1. Taking only the alpha-carbon positions of the chain and ignoring solvent, what does the Debye formula give for the base-10 log of I(q)/I(0) at q = 0.09 Å⁻¹?
2. I'd like to know which of Pro454, Met181, Ala13 lies farthest towards the positive end of the charge dipole of the chain, counting +1 on Cβ of Lys and Arg and -1 on Cβ of Asp and Glu.
3. Quick one: compute the contact order of the chain, relative version, from alpha carbon pairs under 8 angstrom and 6+ residues apart, as a percent.
4. Which loop-located GluC sites (Glu not before Pro) does region 94-137 contain, where loop means any DSSP state but H, G, I, E or B and the Cβ has at most 10 other Cβ atoms within 10 Å?
5. Using alpha carbons only, how many angstrom separate the centre of region 38-89 from the centre of region 405-453?
6. So what is the diffusion coefficient of region 142-234 in µm² per second by Stokes-Einstein at 25 °C and 0.890 mPa s, using a Kirkwood Rh over Cα pairs?
7. Provide the convex hull volume over Cα atoms per residue for region 354-395, in Å³.
8. Region 338-437: which GluC sites (Glu not before Pro) are DSSP loop and have at most 10 other beta-carbon atoms within 10 angstrom?
Amino acid sequence: MTTASGERRQVSAVRGPLIRFRADPFRKGGGAGGEGERDADALAYEPDGLLVCEDGRITAVGAYEVLREWLPAGVTPAHYPDHLISAGFVDTHTHYAQMDSVAAFASNLSDWLAHDIYAEEQRFTDAEHARQVASAFCDELLRNGTTTALAFAAVYPDSVDALFEEASKRDLRIVTGKVLMDRGAPDALLDTASSGYEDSKALIERWHGKGRNLYAVTPRFAPTSSPAQLEAAAALRHEYPGTLLQTHVSETTDEIALVRSLFPERTGYLDVYDHYGLLGPGTVLAHGVHLTPAERERCSETGTGLSHCPTSNLFLGSGLFSVQDARTGPHPVRTGLGTDIGAGTSFSLLSTMDAAQKIAKSLGHELDAAHAFYLATRGGAEAMGLENTVGSLEAGLDADFVVLDPRATPLLSRRSARAERVEDVLFALAVLGDDRAVRATYLGGRLAHDRDAPNRFPIVSDRAEGRV
Ligand code: GUN
Ligand code: ZN
């Protein structure tokens, strides 16, 4: 479309049933809710909605009947009747370099790291291997409706270049960084406090804020970083405001005991990160299964985000994270969902919602469809400090969305036919759905994955040429 001043604008539109959030379903009336209270009207449903997008952003969202007259001439909406359009999924914790190690049998976290993962990550010294995996990883995100992902790369700077390059080709919003680890792992994976700092700095200069790419300073976890490296990580964030920070915390009780022995002068695991100035908005701590109430309160008051990784916690037997404890009560913590590939067992945020609701049930709590979809979209964006950029169908935010198919499988179809409310359909999608239920994924208002026409995208031609 060309404006009166002669500028060319990319305008597109999508029509169909829409879901979005008016408020946080964990908080009563959007305010500070008490134990178990929730806002029953937080989820808004528009049975025939319209999303208008311009230059990558949403410019209007609402009822088709109301908005149709604002559609610029010549723009025909892609129409998805009988589907559900939601904000794209936000994966707040995953490891692209572990994609090919998913489902590796191990008895617990430390055995799994030592026997499988540290060897797998050493393969990423080969830049071509990194590029191939990064390409497959980005395709898999799109097939699963994930439009923003906070991902660990490997320790090697080339592995970060590979992921940012592949994400840029597709216009995916990837937040990643070189893993910092200067102790407690095989030599081939170790950097030093100063080389890790210099390499991260060069990567930030090269990639942070270029297109949709954002950099995350990435100390693996306290057991593999010396105090000097944790200080260097804090310095990087200080020097480059707007970068994020990702690490792991309190995933298993053995890990907590190890951190206590390595940092005896600190009061606990979270206090290590707190002491080195690593908490705050834009910091995402993966797992946090065994955080104490005081530690959760500290996350809340600093604006630190948590990534709940239910399929991973079940796979490794790490413990059961309580979303209820994290999200309700006087000190709510910004919380999203993480697939945690490769300890997690699915790229699908739908499957991840299912695991989260089963864990909640095991702890005697409720996690309904509104809670689950919130965690997988807006909640994830909040955990990353990106709620003004992604995670909701709202004018001004990035036009990233997913078109879900409630009839994707025979069983889903039968269950959806019985549904009385949109919440029933969403719950069935969460419990029974996976990549098959993702009909289409849009990035910046542009169709980036079409389940029913997978070969229509230029990026797929790489594969046809045998390069992927
Ligand atoms: N803790 C430290 N590194 C890792 C990792 O790669 N995966 C998981 N799940 N936990 C970790
Ligand atoms: Zn992880």
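Just so it is clear, none of the values below were taken in a lab; they were calculated from the coordinates. From a predicted model like this one, the values you see are computed outputs, not experimental measurements. No Cβ is skipped: glycine too gets one built from the backbone with ideal geometry, and neighbour counts run over all protein chains shown.
1. Result of the Debye calculation: -0.56.
2. Ala13
3. Averaging sequence separation for qualifying contacts and normalising by length gives 18 percent for the chain.
4. none
5. Centre-to-centre (Cα) distance: 17 Å.
6. Diffusion coefficient, whole number: 182 µm²/s.
7. With only Cα atoms used, region 354-395 gives 67 Å³ per residue.
8. Glu420
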